[in-house]
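One structure is given below, encoded as structure tokens.
The values are calculated or read from the model by the stated rules, or taken from the named source; none is laboratory data. Nothing here was measured: the structure is a model prediction, and the numbers come from that model. Heads up, the Cβs are rebuilt from the backbone with ideal geometry, glycines too, and the neighbour counts pull from every protein chain shown.
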Amino acid sequence: MRIKETDVRICTGTACFVMGGADLLLLVEELAERWEPRGITREMIEGCIHISGSPCIGHCRESGLRPPFLTIDGQLIGEATLEGVLAYLDASCLDQTV
Ligand code: FES
């Protein structure tokens, strides 16, 4: 199974952090646990899913969107939850045909 190269940027600004962003920082650990039964190691994940933190990315003041925010390959996601991000990465990063 192949993992698509993906950039995940998690906002670690105050608003995002206190509204659930702290949970998002557990993403690698949760992915490793979730994907281990499929033979995917943490090292494989870290080699393909590039996760970084970022100071406020400026969206917490916009109406209509609520923290916590992150971007996945540049696509903004608001009200992000760890489970939602895991499901998204499940659907978008794993090439089931290999
Ligand atoms: S604190 Fe996350 S967008 Fe501002």
- Qualifying residues in region 61-98 (those that are surrounded by fewer than 16 Cβ atoms within 10 Å (Cβ to Cβ) and of a type in the set (V, I, T)) - the one modelled with the lowest pLDDT: V98
- Message: Taking the condition of being more than 17 Å from E5 (Cβ to Cβ) and small (G, A, S), how many residues in region 69-80 meet it?
- Response: 2
- Output the residues belonging to region 69-98 that are assigned to a strand (DSSP E or B) and away from the ligand (no atom under 16 Å from the Cβ). L94, D95
- Residue list for region 35-68, filter: within 16 Å of the ligand (Cβ to nearest atom) and either closer than 23 Å to I3 by Cα or in a strand (DSSP E or B) (or both): I51, S52, G53, S54
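Given the structure, is I10 outside any helix (DSSP H, G or I) and not polar (S, T, N, Q)? It would help to see each step written out before you state the result.
Values: outside any helix (DSSP H, G or I): yes; not polar (S, T, N, Q): yes.
Yes.
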- Item | Lone qualifier among C16, C56, C48 - being without any contact (Cβ under 8 Å) to a residue 60 or more places away in the chain, under 21 Å from L76 (Cα atoms), under 15 Å from the mean Cα position of the chain (by Cα) and surrounded by 16 or more Cβ atoms within 10 Å (Cβ to Cβ) | C16
